Amino acid sequence: MRTTELVDGFRQSAPYVNAHRGKTFVVMLGGEAITQPGFRSIINDIALLNTLGIKIVLVYGARPQINDALTHAGLTAQYHNRIRVTDDDSFQLIKQVAGALQLDITARLSMSLSNTPMHNAQINVVSGNFVIAQPLGVDEGVDYFHSGKVRRIDVAGIRRQLDQNCIVLMGPIAASVTGESFNLTAEEIATQVAIKLKADKMIGFSDDGGIIDEDGEIIAELMPNFAESTLTALESGQRACTSTLAFLHAAITASRAGVSRCHLVSSTMNGALLQELFSRDGIGTQIVTEAAERLRLATINDIGGILDLIRPLEQQGLLVRRSREQLEMEIDQFVVIERDGLVIGCAALYPFPEENVGEFACLAVHPNYRDADRGSLLLKHIISLARQRKYYTLFALTTRSIHWFLEHGFELKDVADLPAKKQQLYNYQRRSKILALDLT
């Protein structure tokens, strides 16, 4: 990687580092991901999240490892309604497999060799009885024996450990109030922990790299209802791996219970987790309670983001320079497009109420997002605001975007057609073209 690429990537990730610091992520590490050659890199990346101040609950599964152990022992895996029936002989093996994985994951998180990203990292991994289980019992005459479900979560206990910057590690075995142990699914534990902790994100891994559409492309974003219909289609068509289906079940439940972002990323692509969390567009699939991108009125907290957008355009002479102080006074006139906490577009509506006229100004869209017609979206919103205020006309001044405005229904005008106050401020050296849109 060239130096400029490294610097650009580091700078672009900085807003996400700031946004994620102090947040709580529940990471569901299925047994399928643990079998991948890149498992060590996944653990390193999870450790990196911890060093960046992100609170991590890591829930691991062991489905393929358990199935392999049962096969080697000559035991047959039994299921009822897609739930494992855990008899006495199976449970003895399952506890051994789950315990061995817990030790292996803890050991990897404790690694601090000088040639690894975790060099000098002091990470404390804490496991305990944070999940209390209860038996599934008997269903349709089938006894599940040692298969169980979540009864309650020790939220206060988990938070105490997270506040000490520990990684909380949970496996598929949980104890009950009677002193017994039960076999649970990692997806149920991850879901319930995320809900009870009011986690900011739940993250899972998949061999598929995300939810794949019929054209073989990864779907970037799904709302819970669409995710449910997608899940039904995937299950009926058998077009997804086990880890993808398990995560979708978990994410739909978690999203509907208030977990705003559930990410599914590749378990095979090196650095997929970091690319998903610290780049503008991500690399996997998000299940979201609301669109990651929204258009809204600007607030004083958006000043920095707006300045980042307009400064390059001001330097190119495309926009008139505005100071931070001026923006602070005029912020109520601005609307922004926000994506995952970042301002990627802005525009302003300046009022001239004496003549029932408004000015469309300061249109800026981040260079990486200019191919989705967000400028038109901002203009449409400003036109709507102007009509709500019962303005007769919306005008704009531009030196380069004349055709764009003409395509959107504006007509060329003269300085004399501007509101009186604007005529006094018109810069004859800049010689901006004047365009107006009739709103009546």
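From the list I83, I167, I132, I153, which one is of a type in the set (V, I, T), at pLDDT below 95 and under 32 Å from the mean Cα position of the chain (by Cα)? Let's see the steps before the verdict.
Values: I167 fails: at pLDDT below 95; I132 fails: at pLDDT below 95; I153 fails: at pLDDT below 95.
Selected residue: I83, the only one of I83, I167, I132, I153 that is of a type in the set (V, I, T), at pLDDT below 95 and under 32 Å from the mean Cα position of the chain (by Cα).
Wholly within the range 199-294, which helices (runs of 4 or more DSSP H) include no fewer than the required count, namely at least 3 residues that are within 11 Å of the chain's Cα centre (by Cα)?
On the way: elements: 224-237, 242-256, 272-278.
Those helices (runs of 4 or more DSSP H) span 272-278.
For residues in the range 57-87 being of a type in the set (D, E, K, R) and out of contact with any strand residue (DSSP E or B) (no Cβ under 7 Å at 6 or more places or on another chain), which is surrounded by the fewest Cβ atoms within 10 Å (Cβ to Cβ)?
Taking the range 57-87 first, the residues of a type in the set (D, E, K, R) are 63, 68, 82, 84, 87.
If we keep only those that are out of contact with any strand residue (DSSP E or B) (no Cβ under 7 Å at 6 or more places or on another chain) too, we end up with 63, 68, 82.
Details: R63: 21, D68: 15, R82: 7.
By that ranking, first place goes to R82.
For the range 186-208, how many residues are open to solvent by less than 60 Å² (accessible area, probe 1.4 Å), under 25 Å from R63 (Cα atoms) and of a type in the set (D, E)?
Total meeting the criteria: 3.
Determine which member of the set T35, T24 is within 22 Å of C262 (Cβ to Cβ), touching a residue at least 24 places away in the same chain (Cβ under 8 Å) and out of contact with any Ser or Thr (no Cβ under 8 Å at 6 or more places or on another chain).
Values: T35 fails: within 22 Å of C262 (Cβ to Cβ).
Matching residue, one of T35, T24: T24.
Could you pull out the residue among L313, L318 that is in contact with a strand residue (DSSP E or B) (Cβ under 9 Å, 6 or more places away or on another chain), at pLDDT below 95 and not in a helix (DSSP H, G or I)? If you could, list the steps in order and put the result at the bottom.
Working: L313 fails: not in a helix (DSSP H, G or I).
Only one candidate qualifies: L318.
Which count do you get for residues in the range 303-336 that are free of Cβ contacts under 8 Å to residues at least 24 places away in the same chain, in contact with a helix residue (DSSP H, G or I) (Cβ under 8 Å, 6 or more places away or on another chain) and open to solvent by 20 Å² or more (accessible area, probe 1.4 Å)?
2
Could you list, in sequence order, all residues of the range 3-33 that are of a type in the set (A, V, I, L, M, F, W, C) and either under 27 Å from R160 (Cβ atoms) or surrounded by fewer than 21 Cβ atoms within 10 Å (Cβ to Cβ) (or both)?
Of the residues in the range 3-33, the ones of a type in the set (A, V, I, L, M, F, W, C) are 6-7, 10, 14, 17, 19, 25-29, 33.
The answer is L6, V7, F10, A14, V17, A19, F25, V26, V27, M28, L29.
Is it the case, given these coordinates, that A69 is in a helix (DSSP H, G or I) and without any contact (Cβ under 8 Å) to a residue 12 or more places away in the chain? Steps first, please.
Numbers: in a helix (DSSP H, G or I): yes; without any contact (Cβ under 8 Å) to a residue 12 or more places away in the chain: no.
In short, no.
Specify which of the listed residues (L93, L103, L109, L162) is over 28 Å from E235 (Cα atoms), hydrophobic (A, V, I, L, M, F, W, C) and open to solvent by 90 Å² or more (accessible area, probe 1.4 Å). Explain how you work it out, then say what you get.
On the way: L93 fails: open to solvent by 90 Å² or more (accessible area, probe 1.4 Å); L109 fails: open to solvent by 90 Å² or more (accessible area, probe 1.4 Å); L162 fails: open to solvent by 90 Å² or more (accessible area, probe 1.4 Å).
Checking each option against the conditions leaves just L103.
If you take just the strands (runs of 3 or more DSSP E) that sit entirely in the range 339-404, which of them hold at least 2 residues that are touching a residue at least 12 places away in the same chain (Cβ under 8 Å), in contact with a helix residue (DSSP H, G or I) (Cβ under 9 Å, 6 or more places away or on another chain) and surrounded by fewer than 21 Cβ atoms within 10 Å (Cβ to Cβ)? Working first, answer last.
Numbers: elements: 342-352, 357-365, 393-398.
Correct list: 342-352, 393-398.
Quick one: count up the residues across the range 284-294 that are open to solvent by less than 50 Å² (accessible area, probe 1.4 Å), modelled with pLDDT of 80 or more and more than 13 Å from F226 (Cβ to Cβ).
Looking only at that region, the number is 1.
Scan the range 44-56 and give yes if some residue there is buried (at least 20 other Cβ atoms within 10 Å of the Cβ), over 15 Å from the mean Cα position of the chain (by Cα), part of a loop (DSSP other than H, G, I, E, B) and of a type outside the set (D, E), otherwise no.
no
I'd like the residue in the range 209-260 that is of a type in the set (S, T, Y) and over 28 Å from H20 (Cα atoms) and, out of all such residues, is surrounded by the most Cβ atoms within 10 Å (Cβ to Cβ).
Kept after step one, since they are of a type in the set (S, T, Y), are these residues of the range 209-260: 229-230, 232, 236, 242-244, 253, 255, 260.
Now drop any that are not over 28 Å from H20 (Cα atoms), which leaves 229-230, 232, 236, 242.
Numbers: S229: 10, T230: 21, T232: 11, S236: 8, T242: 14.
Result: T230.
List, please: which pairs have Cβ atoms under 8 Å, are six or more places apart or on different chains, and start with a residue in the range 192-206 that is within 24 Å of T242 (Cα to Cα) and end with one that is open to solvent by 50 Å² or more (accessible area, probe 1.4 Å)?
Hits for this filter: I195/T253; I195/A257; I195/G258; K201/K23.
Yes/no per residue for (1) under 21 Å from Q96 (Cα atoms); (2) of a type in the set (D, E); (3) out of contact with any helix residue (DSSP H, G or I) (no Cβ under 7 Å at 6 or more places or on another chain); (4) in a helix (DSSP H, G or I):
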{"site": "I132", "(1), (2), (3), (4)": "yes, no, yes, no"}
{"site": "G157", "(1), (2), (3), (4)": "no, no, yes, yes"}
{"site": "Q161", "(1), (2), (3), (4)": "no, no, yes, yes"}
{"site": "V168", "(1), (2), (3), (4)": "yes, no, no, no"}
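From the list G61, G74, pick out the single residue that is over 28 Å from S266 (Cβ atoms), of a type in the set (G, A, S) and either over 22 Å from the mean Cα position of the chain (by Cα) or at pLDDT 95 or above (or both).
Values: G61 fails: over 28 Å from S266 (Cβ atoms).
It is G74.
Does G271 fit the bill of being closer than 20 Å to E32 by Cβ and touching an Asp or Glu at 6+ places or on another chain (Cβ under 9 Å)?
On the way: closer than 20 Å to E32 by Cβ: yes; touching an Asp or Glu at 6+ places or on another chain (Cβ under 9 Å): yes.
Considered against the rule, which asks whether it is closer than 20 Å to E32 by Cβ and touching an Asp or Glu at 6+ places or on another chain (Cβ under 9 Å), G271 comes out as yes.
Does the range 331-354 hold any residues that are at pLDDT 95 or above, over 27 Å from the mean Cα position of the chain (by Cα) and within 22 Å of L435 (Cα to Cα), and which are they?
Q333, A348, L349, Y350, P351, F352
Say we look at the range 72-89 and pick out the residues that are part of a helix (DSSP H, G or I) and free of Cβ contacts under 8 Å to residues at least 40 places away in the same chain; which of these is farthest from G141 (Cα to Cα)? Break it down into steps so the answer makes sense when it comes.
Quick first cut of the range 72-89, residues part of a helix (DSSP H, G or I) only: 72, 88-89.
Filter again for free of Cβ contacts under 8 Å to residues at least 40 places away in the same chain, leaving 72, 89.
On the way: H72: 29, D89: 20 Å.
Ranking the qualifying residues of the range 72-89, first place goes to H72.
The values are calculated or read from the model by the stated rules, or taken from the named source; none is laboratory data. Remember, predicted model here, so these are calculated numbers, not experimental data. Cβ coordinates were reconstructed from backbone atoms using ideal geometry, including for glycine residues, and neighbour counts include every protein chain displayed. All accessible areas refer to the heavy atoms of the entire protein, side chains included, with ligands and DNA or RNA removed. Shrake-Rupley method; radii C 1.70, N 1.55, O 1.52, S 1.80 Å.
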